[in-house]
Amino acid sequence: MRTKILMIAGLLFSGTILTAADQPNFSGTYTLDHGKSEFLSSKEDSRPAKADEIITLSVVQDTEKLEITRSENGRKTSSIFSMKSGVGVYSLRSGDSGNSKVQFKGKRLLLEAEVMMQPLQSGPRVPFLITERWELSPDSKTLTIHNEMVLKGGGIPGISSSYTYSRN
């Protein structure tokens, strides 16, 4: 009986190690590759990121937290998430922020946030849902982030973007 319990415990423990090993670690500093990145408002309307913008992404990931610092032309925003609960605060360069969650979906990292924003200067603040899907290349030198932003409840077309970063 004791042997069976030890075997089951060993199988459960080894499965945990394999699962954790399968999750990529996104820690590092990345620079936006302007030529490979696009901001899309629809499939018909795409434009490249502005080549004069210096955009970097610094990521610190450990078993406790995921911290993301975005720097655009010297202006920094930070988002931080608990890796245990998956809950965090997502911040935008506009100064807007909202509650969010983070989780692994296979080898991808999925960030989901609800942020109150004012899309029109004289308009009301309305809730937007933001989803980011992060993927590392097999050699871990390229980070691709697919971003979608939609008005909660619909009513207007969403905005999709694809950002490609090179690890420094």
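A few points about this structure:
- Summed over segment 146-168, the residues that are among the aromatic types (Phe, Trp, Tyr) and out of contact with any strand residue (DSSP E or B) (no Cβ under 7 Å at 6 or more places or on another chain) give a count of 0.
- Restricting segment 74-95 to residues that are touching a Ser or Thr at 6+ places or on another chain (Cβ under 7 Å) and not in a strand (DSSP E or B) leaves a set whose member that is modelled with the highest pLDDT is 83.
- For segment 8-37, filtering for residues that are at pLDDT below 55 and of a type in the set (S, T, N, Q) leaves 3.
- Count of residues meeting criterion [within 22 Å of residue 115 (Cβ to Cβ) and more than 17 Å from the chain's Cα centre (by Cα)] in segment 135-168: 8
- For residue 98, the test of being assigned to a loop (DSSP other than H, G, I, E, B) and over 13 Å from the mean Cα position of the chain (by Cα) is failed.
- The set of residues in segment 61-73 being at pLDDT 90 or above and in a strand (DSSP E or B) consists of 61, 65, 66, 67, 68, 69, 70, 71.
- From 140, 160, residue being part of a loop (DSSP other than H, G, I, E, B) and surrounded by 12 or more Cβ atoms within 10 Å (Cβ to Cβ): 140
The values are calculated or read from the model by the stated rules, or taken from the named source; none is laboratory data. Remember, it's a predicted structure, so these values are computed and weren't measured experimentally. Heads up, the Cβs are rebuilt from the backbone with ideal geometry, glycines too, and the neighbour counts pull from every protein chain shown.
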